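The values are calculated or read from the model by the stated rules, or taken from the named source; none is laboratory data. What you are looking at is a predicted structure, and each value in this text was computed from that prediction instead of being measured. A quick note on method: Cβ atoms are made from the backbone with ideal geometry, for glycine too, and the neighbour counts reach across all protein chains shown.
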Ligand code: PHE
């Protein structure tokens, strides 16, 4: 077939990007964030944020990487020599996420093992997320750190070894592997959705998922214990960024590997829609199971489980138990979840180590081992009994503050300093579908204004009442901000340090060999 040549180059890029985008963000994070922020209303906000901000930013990151022929730090340095630190800040935010992302991968790997004996409990409505993982998290006493969980450590070790092994020979095989890691989970997901929505009482969950309470989208001060509109929108936009892997420098690095004929506009749409579809379709399974649980317990869907990072580890076993051959489906499902996670995790490691190689002249092996080693050590606190509590806090601070700040900075730097119209012409030169001035308006005005507005509200609210149903204690807030500060300082340090290569190897190239 004539398309064969293309397959090896352009399609590999699309598939690798889809692989990076689709991951735990879709099947683990999306459901619990959606559940927590009101179901239907969140879904509307999510769709709007995807179209107005997510997909345009994906185009921006691809084109920035392509234009500067560099991963994030080198790309921003290409815009202005003093902006390298900003590129490191983006990668650093993603790196912190990677440290706990590997922790969730460890849950998946542990659940894979439990699948063989259904040891998460197999009576309907009876699941022991906490007991199974040995979590001793007591929200009232977060300083009781709990014991170190060795099975979780084993899982994290497997995850990191797997990540490093996957990129050991570069990402060349990613394009092939991804068919398996993306299409396989899709087939299984369909089985899960069918089972989830046919569980008794599922309709209650689905109506929570699909019926928006419109007023949530604009009520800023809804009263004590309720979610304000600014928080909902911030949750939606940061979930879009997290899920698309936008704002971590990953898509900048992937864009830099693109060949000249790759259509940026079309591919951004394909990736954006594929990613969102995976999350939304997966949501049917999870909310069906939540409805079932609510039905069994005779309570409201909104009250059935504590919303948080543990949610999906309760709902998926619920569905699995209801399937014929549950052990088989359990093993398949958690294998697939791990496979989805792996290409997301290694895209970030790859983005980080590419930058380290380009600046400091590290070998491929040394760069990857350094990143993985530091990531493993920094992820150890999440393996304590109280780990999931700290994970939730770090996730919140990185996604509610770090990520929006990175995106805001990117919009200001590219939109105003480099100029959006210049970047748009560059995008249009290499795209069949063209984008118009509406794109500039979004990058220069709408996205920054939206983020500034939401952030200002959120910071104001956080100063009044800390995060979480129970309210964060001051030491936890300090911990969250300290993490952000750490990323910032690390980024500045990395940019100030003199590297042996200083990105000299990759000058902006106008033509590129066909891979
Ligand atoms: N996009 C990935 C997902 O949805 C998450 C991710 C974020 C991966 C940041 C790498 C870096 O699972």
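Looking only at helices (runs of 4 or more DSSP H) that lie completely in the stretch 47-116, which have at least 1 residues being under 15 Å from the mean Cα position of the chain (by Cα) and at pLDDT below 90?
Correct list: empty, since no element meets the threshold.
Scanning the stretch 412-438 for residues that are closer than 18 Å to residue 249 by Cβ and touching a residue at least 40 places away in the same chain (Cβ under 8 Å) yields 413, 414, 417, 418, 423. Of the residues making up the stretch 15-41, those that are closer than 25 Å to residue 225 by Cβ and within 16 Å of the ligand (Cβ to nearest atom) are 29, 30, 31, 32, 33, 34. Taking the condition crowded, with 20+ Cβ neighbours inside 10 Å, assigned to a helix (DSSP H, G or I) and more than 16 Å from the ligand (Cβ to nearest atom), does residue 314 pass? Yes; evaluated as a whole, the condition is true for this residue.
List the residue pairs whose Cβ atoms are under 7 Å apart, where the first residue sits in the stretch 447-474 and is on the phi < 0 side of the Ramachandran plot and surrounded by fewer than 16 Cβ atoms within 10 Å (Cβ to Cβ), the second is at pLDDT 90 or above and not in a loop (DSSP other than H, G, I, E, B), and the two are 6 or more positions apart or on different chains. The qualifying pairs are 452/408. Please verify whether the stretch 146-157 includes one or more residues that are away from the ligand (no atom under 16 Å from the Cβ), free of Cβ contacts under 8 Å to residues at least 12 places away in the same chain, more than 21 Å from residue 339 (Cβ to Cβ) and assigned to a helix (DSSP H, G or I). The answer is yes, given that some residue of the stretch 146-157 is away from the ligand (no atom under 16 Å from the Cβ), free of Cβ contacts under 8 Å to residues at least 12 places away in the same chain, more than 21 Å from residue 339 (Cβ to Cβ) and assigned to a helix (DSSP H, G or I). Here the helices (runs of 4 or more DSSP H) wholly within the stretch 332-441 that include at least 2 residues being away from the ligand (no atom under 16 Å from the Cβ) and more than 30 Å from residue 461 (Cβ to Cβ) are 364-378, 420-429, 437-441. Among the residues of the stretch 184-238, those identified as within 23 Å of the chain's Cα centre (by Cα), surrounded by fewer than 17 Cβ atoms within 10 Å (Cβ to Cβ) and over 16 Å from residue 322 (Cα atoms) are 184, 186, 187, 210, 227. Residue selection: residue 294 fails the criterion of being modelled with pLDDT of 90 or more and crowded, with 22+ Cβ neighbours inside 10 Å. Pairs needed: first member in the stretch 90-114, under 14 Å from residue 316 (Cα atoms); second member anywhere, more than 12 Å from the ligand (Cβ to nearest atom) and not in a helix (DSSP H, G or I); C-beta distance under 8 Å; at least 6 residues apart or different chains. Between residues of the stretch 90-114 that are under 14 Å from residue 316 (Cα atoms) and residues that are more than 12 Å from the ligand (Cβ to nearest atom) and not in a helix (DSSP H, G or I), the close pairs are 111/120; 114/120.
For the stretch 277-310, filtered to residues that are part of a helix (DSSP H, G or I) and within 16 Å of the ligand (Cβ to nearest atom), the residue that is nearest to residue 433 (Cα to Cα) is 277. If you go through the stretch 77-87 one residue at a time, do you hit one that is within 16 Å of the ligand (Cβ to nearest atom) and buried (at least 24 other Cβ atoms within 10 Å of the Cβ)? Yes; the residues of the stretch 77-87 include at least one that is within 16 Å of the ligand (Cβ to nearest atom) and buried (at least 24 other Cβ atoms within 10 Å of the Cβ). Of the residues making up the stretch 240-276, those that are near the ligand (Cβ under 9 Å from one of its atoms) and outside any loop (DSSP other than H, G, I, E, B) are 241, 242, 243, 244, 250, 275.
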